[in-house]
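Working notes, beginning with the structure itself.
The values are calculated or read from the model by the stated rules, or taken from the named source; none is laboratory data. Remember, predicted model here, so these are calculated numbers, not experimental data. Every residue, glycine among them, receives a Cβ derived from its backbone with ideal geometry; neighbour counts consider all protein chains shown. Please note that ligands, DNA and RNA were not included when accessible areas were found on the heavy atoms of the full protein model with its side chains. Shrake-Rupley method; radii C 1.70, N 1.55, O 1.52, S 1.80 Å.
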Amino acid sequence: MDSSKDTFDTGFLTVSPNSGWAGTWGTWVVTYTVGAAGVASGGGIQVALPERWHQWWRNSGRRLQSVDPTAPFYVTAHTDRTGVRLHYEVLDASEGEYAKAYRRNVGYPPGSRYSWTVQVTVSEGELRAGDTINVVYGDMSQGGRGFTPPLWTGSSERVRAAVDTAGDREFALLPDGALPLLSNEPGPPVELFIVLESRTVVGTPARVRMVALDEFHNPVPAPETAVYLVVETGAATLPPNPIKLGDNVTWGCRELEITPTEEGVLRLRGTSNDGRLYGLSNPSKVVAAATGADGVPVGGVYWGDIHSHSQYSWDGTGTRDDHYRYARYASLLDIYSATDHNDRRSMSQDDWQMNVAYTEKWNEPGVFATILGYEASFGAPWGHHNVYYRGGEGPLHYQDEENPEEIWQRGEQDNLAGKMFTIPHHTGGFARPGSGVKHDWSIHDPGFRPSIEIYSSHGLSEEYAPDHPISMDVSDFTFNGPGDPGNYTVDAWLAGLKLGVIGSSDNHGAQPGKEGYGTMAVWAPALTREAAFDAIRGRRTYGSTGSRIYLEFAVNGEDMGGETTVAAGQPVHVRVEALGTGPLRWIHILRADLDRPDEGFSIVHQEWFPGNGAPLDFRLDWTDDSPPARAVYYVRVRQRDLVHGRVAQVWSSPVWVSRV
């Protein structure tokens, strides 16, 4: 707040308290102090908390209400001037806990689904300079529970207000200097999140990252917390204990190096010095050499989320720095792309250039690879797609300018083959049940659409499975779906499309890569944006609910995403290696006969691990003695235990096999 706030003729705001703790109930009072212009009868103010403060589960705007004093999120207003009466209301008020309507907002952006504006009108009398109006969020005076800050933390943001001093219904925005900042702090840490590189080499230093998280997955800077790190499985040289966690600069993340000393599976365990925090790392497959027998780099397995939205999307919140910072230091990703909507109400060309700049700012080859992209939310028969560029530059085209077919045609005309591609997402939740097939898989360009998002925070897009524990309507993100058969990944494969798979979160609240919401694993020779882009384009990927299960899958020696042949009368050999973050429940090998697509996919081999004896790791060699002439195979692996209340599962990209 500007120290010369008394110079604002139209008044200024304060807020008390000026911060909150994620998920903690309380009361917040926004006070408007009237400026020299006063407020005439019929005039008033409009006040809006930062949009993030109203974001709720299922990508909704949590209801704010002024009608039921005994219910949560009750808002009131009063003044200290005797003889003055106020009328207050929540504009665009709606019923129900999960509000998804587009509502007016004070200032920028002009509106979104998280906008809740309180309008206070002087219905009798007038206000003079120095008088105050108090807007009370979470008034508990009549038995209400109060109000909570957002569940997700991030940068401090301003409370917004507009004032009508003359009573002519013309509201003028207060300048930033007259507006207070409101911050939200994480709660106490409840878990230690430890991430190892998923593929490491004997004798070569490897990166380990650790961060403390609260119950809502917010990072908790805790430089005073010391962690004792030990080897759980495998063998490695570790730095001396104890190890301090990071500070505010890295959102509490601490990065260090360890050195694997023998082949096998390496896992680390960390415990805080006070015993309150515990974490077990993901598995790392330790190999003898970084190159194969032919001298070609084998590459690493890198984890990413390339689908999320910031405040530059009409249905997103959080600054771009918040998104990149969370991806880098909280969800501990290797690869990230911010994909804000390309509709005109979300992103201007200036905003796009800012996105280009942020993508470049956060890119750090070998450490954190950022990919430039945006979302184009088309209707039938294409569905929603994200557009990605290989380099640090690329144009923004609005979705009312071109459809996916025209995007691909432009790519050909502009010589963007290998430099741009599109990926469809949440195909299983694109349409409500009973609305039919909304994706025409015959509309396709293999040069510009190499992959499909098989899972996100919306839920499952693998296949039509309404009773699946992570189907579309079971998630805490969406109300759509599960859509009808014909809209899913397996339907695209059965239609002849050769698509790899990814998982990504489609997060709208500055928590990309949050566990349980969808991530992708990328097999790439190096951690750079170009190598990651090429690997996705080459279908060298698999999708995950978020758990960093290590997966290898090959058919006749051809790795996931590839194509191979088999001689007539010869069998097909399938190899699977799964290293879990917890005990495994099952491994499925699925196959379809592309000459009989109506028969769909079937589980041709299954490994089931009952009870407490389930292994953490499993290697499988299986032979298909009667392969079809044209077949497609893929693997899915599920763990026994839920992770943060969700199924932990991965899906491979397929391998296509043809008889010769």
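If I filter the stretch 98-113 for residues that are free of Cβ contacts under 8 Å to residues at least 40 places away in the same chain, surrounded by fewer than 21 Cβ atoms within 10 Å (Cβ to Cβ) and more than 27 Å from the chain's Cα centre (by Cα), do I get at least one hit? The answer is no, given that none of the residues of the stretch 98-113 is free of Cβ contacts under 8 Å to residues at least 40 places away in the same chain, surrounded by fewer than 21 Cβ atoms within 10 Å (Cβ to Cβ) and more than 27 Å from the chain's Cα centre (by Cα). If you go through the stretch 536-567 and pick out every residue that is in contact with a Phe, Trp or Tyr (Cβ under 8 Å, 6 or more places away or on another chain), among the aliphatic types (A, V, I, L, M) and more than 26 Å from ARG390 (Cβ to Cβ), you end up with 1.
Scanning the stretch 261-287 for residues that are assigned to a strand (DSSP E or B) and either of a type in the set (Val, Ile, Thr) or touching a Cys at 6+ places or on another chain (Cβ under 8 Å) (or both) yields VAL265, THR271, VAL286, VAL287.
Residues in the stretch 64-75 that are surrounded by fewer than 20 Cβ atoms within 10 Å (Cβ to Cβ) and either among the aliphatic types (A, V, I, L, M) or assigned to a strand (DSSP E or B) (or both): 3 in all. Taking the criterion of being in a helix (DSSP H, G or I) and open to solvent by 10 Å² or more (accessible area, probe 1.4 Å), the residues of the stretch 357-407 that qualify are ALA357, TYR358, GLU360, LYS361, TRP362, GLU405, GLU406. Against the test of being over 17 Å from TRP303 (Cβ atoms) and open to solvent by less than 30 Å² (accessible area, probe 1.4 Å), the options ILE587, ILE603, ILE549 yield a single qualifying residue, ILE587.
If the condition is being more than 28 Å from the chain's Cα centre (by Cα), among the hydrophobic types (A, V, I, L, M, F, W, C) and part of a strand (DSSP E or B), then the stretch 546-589 contributes ALA554, VAL555, VAL566, VAL572, VAL574, VAL576, ILE589. Test ALA465 against the stated conditions and say whether it is over 27 Å from ILE194 (Cβ atoms), of a type in the set (A, V, I, L, M, F, W, C) and either touching a Gly at 6+ places or on another chain (Cβ under 6 Å) or assigned to a loop (DSSP other than H, G, I, E, B) (or both). It is true that ALA465 is over 27 Å from ILE194 (Cβ atoms), of a type in the set (A, V, I, L, M, F, W, C) and either touching a Gly at 6+ places or on another chain (Cβ under 6 Å) or assigned to a loop (DSSP other than H, G, I, E, B) (or both).
Of all residues in the stretch 437-461, those satisfying the criterion of being of a type outside the set (Gly, Ala, Ser) and out of contact with any strand residue (DSSP E or B) (no Cβ under 7 Å at 6 or more places or on another chain) are VAL437, LYS438, HIS439, ASP440, TRP441, ILE443, HIS444, ASP445, PRO446, HIS458, LEU460. Restricting the stretch 114-139 to residues that are touching a Leu at 6+ places or on another chain (Cβ under 9 Å) and hydroxyl-bearing (Ser, Thr, Tyr), the residue that is most open to solvent (accessible area, probe 1.4 Å) is SER123. Restricting the search to the stretch 487-502, which residues are of a type in the set (Gly, Ala, Ser) and within 14 Å of TYR634 (Cβ to Cβ)? Matches in the stretch 487-502: ALA492, GLY500.
For the stretch 477-514, filtered to residues that are in contact with a strand residue (DSSP E or B) (Cβ under 9 Å, 6 or more places away or on another chain) and among the charged types (D, E, K, R), the residue that is farthest from PRO450 (Cα to Cα) is LYS514.
Just so you know, in the stretch 468-507 the residues that are outside any loop (DSSP other than H, G, I, E, B) and within 18 Å of the chain's Cα centre (by Cα) include one that is surrounded by the fewest Cβ atoms within 10 Å (Cβ to Cβ), and it is ASP473. Going by the conditions given, is ALA531 within 21 Å of GLU552 (Cα to Cα), open to solvent by 10 Å² or more (accessible area, probe 1.4 Å), out of contact with any helix residue (DSSP H, G or I) (no Cβ under 7 Å at 6 or more places or on another chain) and assigned to a loop (DSSP other than H, G, I, E, B)? Criteria not met by ALA531.
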